[in-house]
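Have a look at the structure below before the remarks.
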Amino acid sequence: MVMRVDIVTIFPDMVRGFAREGIVARAHERGVVDLAVHDLRDFTTDKHRVVDDSPFGGGPGMVLKPEPFFRAMAHIRATRGEPSAVIVPGPQGRPFTHDAAVAWSRAGHIVLLCGRYEGIDERVVEALATDEISIGDYVLSGGELAAMVVADAVVRQVPGVVGDARSVSEDSFARPWLDHPHYTRPAEWEGRRVPDVLLSGHHAQVARWRLRTALERTLDRRPDLLEGPGFPGEAGIDAERTLREIRAERQGIRPGRKERKQES
Ligand code: ADE
């Protein structure tokens with residue numbers, strides 16, 4: 001089954017550039033994913049192909065008009081079939097997550113409607129969208145970059161897109177902690193050596209080192225993941241024990257700020 005992805009935008013060239021290279025292009029070549037980019041202006045009916053207008057109620061900026069989006073959706077339904085999800089990226093959306101990427105990769109057909117300027121007419125969201133998502137707590141100038149982020153994350157979850165399925169199942173967020181560090185040849189570069197254990201050929205030791213370094217950086221950078229409902233997941237006992245060891249060591253060797261203050 002071919003996964004369909006439709007992206008509606010006023011900057012089609014920006015999205016086509018993305019679709020021409022990398023993972024999405026490869027998925028397209030392999031016939032696993034069929035990505036189509038639609039220019040919102042093609043769905044206007046006036047001579048000047050106007051897609052925006054000033055906001056009711058006043059205020060700065062422009063709002064994308066509803067009609068072109070409704071026509072674009074009708075065109076997509078007629079020519080590409082009924083989508084399972086119509087996604088509007090925007091800073092007001094729910095956070096986009098790995099779980100959503102996996103779910104949409106199984107949906108068969110998704111549509112992404114990109115907004116610009118101050119926003120999209122709310123009736124587009126009400127009547128057409130199944131989901132509004134944000135890719136982070138910052139404001140982009142438009143939905144295109146977010147749509148490409150979503151398309152990339154979704155497409156790599158489609159079976160057969162990423163060569164080695166392990167790359168996908170071992171991704172950070174496929175498991176409830178961050179990925180471990182990676183190294184390749186040469187074993188020494190400008191005085192920096194690859195950790196000996198990785199050159200040792202001891203698979204069990206390599207696995208332990210990877211789990212440990214992964215948990216260490218998760219504890220440093222994203223401790224929230226270790227408190228989340230997904231932890232410890234499948235690698236349960238090993239992960240919990242390793243985390244306990246790391247915490248115990250850190251308490252002994254690297255006192256927190258409070259303890260250091262008390263000592264001095
Ligand atoms: N459009 C503008 N900002 C965005 C964000 N943070 N996420 C998704 N779409 C956006």
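Amide H of Val86: which non-local residues (sequence gap of 5 or more, or other chain) have their own amide H closer than 5 Å, using H built in the peptide plane?
Those lying under 5 Å, H to H, from Val86 are Val111, Thr130, Asp131.
Mind checking the per residue accessible area of segment 69-184 for me, 1.4 Å probe, whole number of Å²?
Roughly 49 Å² per residue, with all protein chains present.
DSSP beta bridges in segment 80-175, what fraction antiparallel, as a percent rounded to 5?
About 10 percent, rounded to the nearest 5.
In sequence order, what are the phi-derived ³J(HN,Hα) couplings for segment 138-151 according to the Karplus relation 6.51 cos²θ - 1.76 cosθ + 1.60 with θ = phi - 60°, rounded to whole Hz, with x for glycine and proline?
Per-residue couplings from phi come out as 7, 10, 8, 7, x, x, 4, 4, 5, 4, 5, 4, 5, 4 Hz.
Provide the packing ranking of 145-153, 193-201, 54-62, 86-94, i.e. peptides ordered by the mean count of other C-beta atoms within 10 Å per residue, highest first.
Result, highest mean Cβ count within 10 Å first: 145-153, 86-94, 193-201, 54-62.
By how many nm would the segment from Asp220 to Thr44 lengthen if fully extended, with 0.36 nm per residue of separation less the alpha-carbon distance?
In short, 58.3 nm is gained.
Assigning unit charges at the beta carbon (Lys, Arg +1; Asp, Glu -1) and nothing else, what dipole magnitude in debye, to the nearest 20, does segment 132-221 show about its Cα centre?
480
Can you give me the % of accessible surface on the chain that is carbon or sulfur? Probe 1.4 Å, all protein chains present, nothing else counted.
51
Rounded to whole Å and sorted largest first, list the principal axis extents of the Cα atoms in the chain.
72, 50, 38
Name the residues whose placed amide hydrogens come within less than 5 Å of the amide hydrogen of Gly119, ignoring near sequence neighbours (fewer than 5 apart) on the same chain.
Leu64
Rounded, prolate or oblate: which fits segment 96-167 when a ≥ b ≥ c are the square roots of the eigenvalues of the alpha-carbon gyration tensor, with rounded for a/c under 1.5 and prolate only if a/b beats b/c?
Cα axes put segment 96-167 in the prolate bin.
Which cross-chain or sequence-distant (5 or more) residues have an amide H under 5 Å from the amide H of Val33, H modelled 1.01 Å from N in plane?
Correct list: Met3, His28.
Among Ala107, Phe231, Ala207, whose Cα lies farthest out toward the positive end of the dipole of the chain, if unit charges sit on the beta carbon of Lys, Arg (+1) and Asp, Glu (-1)?
Ala207
For the pair Thr184 and His202, how long in nm is the line joining their label points, each one 7 Å along Cα→Cβ?
Using points 7 Å along Cα→Cβ, the separation is 2.7 nm.
If you put +1 on each Lys and Arg Cβ and -1 on each Asp and Glu Cβ, how big is the dipole of segment 79-197 around its Cα centre, in Debye rounded to 20?
Dipole magnitude for segment 79-197 comes out near 340 debye.
So, with +1 on the Cβ of K and R and -1 on the Cβ of D and E, and no other charges, what is the size of the charge dipole of the chain about its Cα centre, to the nearest 20 debye?
Approximately 780 debye in magnitude.
Mind checking which of Ile120, Pro95, Thr79 is farthest towards the positive end of segment 79-155's charge dipole, using Cβ charges of +1 (Lys, Arg) and -1 (Asp, Glu) about the Cα centre?
Selected residue: Thr79.
What whole-number value in cubic angstrom gives the convex hull volume per residue for the C-alpha atoms of segment 1-152?
115
Determine the percent antiparallel among the DSSP beta bridges restricted to the chain, to the nearest 5.
Given both bridge residues lie in the chain, the antiparallel proportion sits at roughly 20 percent.
What list of ³J(HN,Hα) couplings, whole Hz, do you get for segment 60-68 from phi and the Karplus terms 6.51, -1.76, 1.60, once you set θ to phi - 60° and write x for glycine and proline?
x, x, 10, 10, 6, 5, x, 3, x
The values are calculated or read from the model by the stated rules, or taken from the named source; none is laboratory data. Please read all numbers here as calculations on a predicted model, not as lab measurements. Positions of Cβ are generated from backbone atoms using ideal geometry, with glycine treated the same way; all protein chains shown enter the neighbour counts. Please note that ligands, DNA and RNA were not included when accessible areas were found on the heavy atoms of the full protein model with its side chains. Shrake-Rupley method; radii C 1.70, N 1.55, O 1.52, S 1.80 Å.
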